[in-house]
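The structure appears right after this line, and notes come after that.
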Protein chains: 2
Amino acid sequence: MPEPGSLSRSSSTAKPSAASTSNSIAVGAKIRHDIITGVHPPGGKLREAALAKQYDVSRIPIREALRSLESEGLVESRPYSGSMVAPSPIEDAEDLFEIRIVLESATAKRAAKRAAQQSNGEAPDERWRMIRKEINEILAAGDIVIGEERYEDLAVLNMRFHFAVAELSGSLSFVSLLRQISGKIEWLYSLNVTRRGPQAWPEHRDIIAAIDAGQETKAAEVMGQHVRRSRDSYFAMMADRPS
Amino acid sequence: MPEPGSLSRSSSTAKPSAASTSNSIAVGAKIRHDIITGVHPPGGKLREAALAKQYDVSRIPIREALRSLESEGLVESRPYSGSMVAPSPIEDAEDLFEIRIVLESATAKRAAKRAAQQSNGEAPDERWRMIRKEINEILAAGDIVIGEERYEDLAVLNMRFHFAVAELSGSLSFVSLLRQISGKIEWLYSLNVTRRGPQAWPEHRDIIAAIDAGQETKAAEVMGQHVRRSRDSYFAMMADRPS
DNA sequence: GCTTATTGTTTTGTATACAAACTTTCAGTA
DNA sequence: TACTGAAAGTTTGTATACAAAACAATAAGC
């Protein structure tokens, strides 16, 4: 018995979840991690009693975690029938990339718009400066992680970067919508991170440059290109490995 | 004491929720309805014990319902601190409309693309025909409802129409993403349905016409215009009533 | 042999009970 | 009077126990 819960470093993920219960959050993060890393295979049944024993909590936190994962699309449930791991995100890769293209182009555009407003001194937003600073740290951390080839951490940093851009947009709605699909995006990304990661990371600086310059259209375009390249890289990878 | 749960016809909503538990679904739908109709005012605290008594169930289904509503953005929670009704969607109206513009333009575009494939006889998709037929019924039902000025039902039909278009796109990811914000959209829509509803309904036929013709670009454009008009109508309404 | 009813088992759904954490209140002090 | 601090009270978080529904296996009937 592999004891799935015990082998996951709960600190490895940046916990983008906005759930509620203290323990449920931790358990949910563990199960999410174990789904993404394949400990719980796609289509596999998730019995509440078994999970409760594995993660050493009662069924209640397990249920809450499963509800949260269900809303992220990582788990599917039917009343009185139980939960199972969602089919591999490979199935809706095309859709997910298209959603990212339209959503994230919009966030980049809005972020650039706000940047322009900032430089006009219109609104000296402290929160904006904080997030903008955090992005620099994320980018620097990514450079290091790539040098050390710690790709699992790169996947997390990549997610954090895209969330940060969404936060720059100033729209909580966009952030929370992005969060809804972040589970599947990260799942998908982790399948190709060794190939795409090092190539993709420098592109993030181009996105930020356009945002900083306040060029709305260009920011949207660069972000769209970025996601499109991720998509193409993903499908190229799939073509190479038709496993 | 107004007994909030008892005055909601649970059959009035088409239950777009994909939650799980039998009773939790019903309770969640009731609470959602009571939030949208203002029984639970924005910012109001939602105590689990009180809700349990009001809706005559235990705290467990209440909790599950609150989690579901939280993921829809209708409720906000903090660990050990409780839940409250989210601030009125008025706050993020601009964002919600922008999200709808980019998302629903994409669904309309994809639906048109699939329609073109259908007419080429490429894939005789039975499910497509079923949804397409359902749309005709929705449109007809809307005409009747407008004639009778039953605007609450129109809000539901409007939501069903936009969901149906998303389903025509063939992408479950788009549908579930739309579902995530459907609560707030419906909430927002219900504030302006008497004004916008009758005006907006005929536009739906233009959208479907473009989709049926397989004109991707036009379908996206018409859908975008449709949502933009809703947005403008909404803000015009807000300007008239600065309550 | 195949379909269908029936019962037994398993699993989820819900209620109750208890533990943990936050909030508020109220002294006490500077 | 304003502020710090602790303790009571309230509310959420979790565990256990029981009820209801789905699933599976078996047997009866055609």
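Look at the stretch B:88-99: the mean tally of other chain Cβ atoms within 10 Å of its residues' Cβ atoms is 3. Think of each Lys and Arg Cβ as +1 and each Asp and Glu Cβ as -1; about the Cα centre, that makes the dipole of the stretch A:90-240 roughly 400 debye.
Among A:83-89, B:27-33, A:234-240, sorting by the average number of other beta carbon atoms lying within 10 angstrom of each residue, highest first, gives B:27-33, A:83-89, A:234-240. Taking every C-alpha pair closer than 8 Å and separated by at least 6 residues, the mean separation divided by the residue count of chain A gives a relative contact order of 24 percent. Each peptide in B:187-194, B:124-131 receives the mean, over its residues, of other Cβ atoms within 10 Å, and ordering these scores from highest gives B:187-194, B:124-131.
Each chain gives up part of its surface: B and A jointly bury about 2500 Å² of accessible area, both sides summed, for a 1.4 Å probe. Solvent-accessible area of the stretch B:152-243 (1.4 angstrom probe, protein heavy atoms only): carbon and sulfur portion equals 50 percent.
Computed over the alpha-carbon pairs of the stretch B:93-240, the distance histogram in 5 Å steps reads 2, 10, 20, 23, 22, 13, 6, 3, 1, 0, 0 percent, short to long.
Enclosing the Cα atoms of the stretch A:79-148 in their convex hull gives a volume equal to 199 cubic angstrom per residue. Copy-to-copy label distances for A:S88, where each label lies 7 Å from Cα along Cα-to-Cβ, are 5.0 nm in order of increasing length.
What does the charge count around A:R110 come to, taking other residues whose C-beta lies under 13 Å from its C-beta (Lys +1, Arg +1, Asp -1, Glu -1)?
Once positives and negatives cancel, what remains is -4.
The angle between the Cα long axis of helix B:22-36 and the main principal axis of chain B comes to about 90°, on a 0 to 90 degree scale. In whole Å, how far is the Cα centre of the stretch B:132-188 from that of the stretch B:21-74? Value for the Cα centre distance between the two parts: 23 Å. Relative to the longest principal axis of the Cα atoms of chain A, the long axis of helix A:126-147 makes an angle of roughly 70 degrees. Just so you know, the Rg over Rh for the protein assembly as shown is 0.95, from Cα atoms, with Rh as the Kirkwood radius. Label-to-label distances for B:K53 across copies, nearest first, come out at 4.1 nm, using points 7 Å from Cα in the beta-carbon direction. Taken residue by residue and averaged, Cβ atoms of other chains lying within 10 Å of the Cβ of B:69-76 number 4. Inter-copy label distances at A:T37, shortest first and taken from points set 7 Å along Cα to Cβ: 4.9 nm.
Shielding of peptide B:57-67 by partners, expressed as the average count of other chain Cβ atoms within 10 Å per residue Cβ, is 2.
The values are calculated or read from the model by the stated rules, or taken from the named source; none is laboratory data. Note that the coordinates shown come from a computational prediction; the quantities given were computed from them, not determined experimentally. Because the Cβ atoms are built from the backbone with ideal geometry, glycine has one as well, and the counts that use them run over all protein chains shown. Remember, those area values only see protein heavy atoms, side chains included, never the ligands or the DNA or RNA. Shrake-Rupley method; radii C 1.70, N 1.55, O 1.52, S 1.80 Å.
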